[in-house]
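So the structure is just underneath, and the comments pick up after that.
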Amino acid sequence: MKVSNIVTVVSFAPFAFSHGGIFTYKIDGEEYPGNPTELENTTWTNAVPDPTWPSIQRQWNFNPVYNVSGANITCNWRGTPGTSSLHATIAAGSNITARWDNFYSPPVWPQYWEHGAGPLLVYMARCPGSPSSCTGFSPAGSDAIWFKIAQTGLKPGASTLSDGNWQQWDLVGHMSSSPTDPNRSPGLTVTIPRDLREGAYLIRHEIIMLASQPAQFYPNCAQLMVKGSGKAEPESGSLVAFPGAYRADDPGIAMADWSISQTPVRDVYNTSVYPFPGPPVWTGPEVFEWEEDGARDETEESELGDEIGSHHSEGGRRSV
Ligand SMILES: [Cu+2]
């Protein structure tokens, strides 16, 4: 009896422990801890967010979301702010870095993400009011308020959809095999559009895990107070609702399958193009001028976030 219990636990552990989410955000060198309390205080399968935890992050659950039409696709479960609802101040044009953890217990530093195959996508939504505030605001599927600011899929030169060919693998997961390497999981850095009108915004990071049927979605939301003199707001064609932005039969979602990492690679995964779900990336009204007159190169930093935004802005295709 005892032996069979142990065997069960050991064989189940890799699946039970290979989920997770964002555990920290970094802006201008300042660290904003996420809301991991539910993972430390309760069992893995019965996680309950602690609403008293002060954080910029919305409450969330460690398990993946499977239903693109359900309420949890918006900002995970519960997706609501805690009683201490904080906003992190960030200047338009600045970078924010998110780092993921699979919440192995005991925690292993540096933390990293277990999955490899699938894209990373980042959205923002302006919260209502004047001045706008995200406290108490929970967007619904009827609110077409989300715009995509960045997405990244396959690594340059990748020719199949196997695990190690994705940016997910390097940025948030397995870049270094040494557990003590501080660069093991550098996180995902993106730039807030530099002309974005100031105000309170939700930022929604999302990992889609494609080595599963159906696909697994890991959305995490956090509250930002964007400062700046810009006046830009995304046009309606760039705005989508969650739920609503995705369909289970979108090509980049429907392709999900456990066999994605198997060799030999199935024909359908023998490709250098990943069809991102959702709208095109919106980085502000000037992006096309910059590309035409070449000034973009002078004004853009070489930050990863800009690369992600600009290289993937045309119809969601990797254009490296
Ligand atoms: Cu998982």
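The values are calculated or read from the model by the stated rules, or taken from the named source; none is laboratory data. Computed from a prediction, not measured in an experiment: that's the story for all the values here. Don't worry about glycine lacking a Cβ; one is built from the backbone with ideal geometry, like all the others, and counts go over all protein chains shown.
Couple of notes before you dig in:
- Within the stretch 108-149, being in contact with a helix residue (DSSP H, G or I) (Cβ under 9 Å, 6 or more places away or on another chain), of a type in the set (Gly, Ala, Ser) and at pLDDT below 95 holds for Gly116, Ala117, Ser138, Ala140, Gly141.
- Qualifying residue in the stretch 276-293 (condition: in a helix (DSSP H, G or I), at negative phi and modelled with pLDDT of 80 or more): no
- Looking across the stretch 142-201, just one residue is under 22 Å from Asn95 (Cα atoms), free of Cβ contacts under 8 Å to residues at least 12 places away in the same chain and touching a Lys or Arg at 6+ places or on another chain (Cβ under 8 Å), and that is Met175.
- Of all the listed residues (Arg184, Arg197), the sole one being modelled with pLDDT under 95 and among the basic types (Lys, Arg) is Arg184.
- Tally, over the stretch 178-224, of residues that are within 16 Å of the ligand (Cβ to nearest atom) and either in a strand (DSSP E or B) or under 14 Å from Asn102 (Cα atoms) (or both): 11
- Qualifying residue in the stretch 211-224 (condition: within 24 Å of Asn165 (Cβ to Cβ), surrounded by 17 or more Cβ atoms within 10 Å (Cβ to Cβ) and at pLDDT below 95): yes
- Test result for Gly244, under 15 Å from Trp146 (Cβ atoms), modelled with pLDDT of 95 or more and touching a strand residue (DSSP E or B) at 6+ places or on another chain (Cβ under 7 Å): no
- Candidates Thr89, Thr80, filtered to the one that is assigned to a loop (DSSP other than H, G, I, E, B), over 16 Å from Ser185 (Cβ atoms) and more than 16 Å from the ligand (Cβ to nearest atom): Thr80
- Qualifying residue in the stretch 101-120 (condition: more than 16 Å from the ligand (Cβ to nearest atom), within 17 Å of the chain's Cα centre (by Cα), in contact (Cβ under 8 Å) with a residue 24 or more places away in the chain and part of a strand (DSSP E or B)): no
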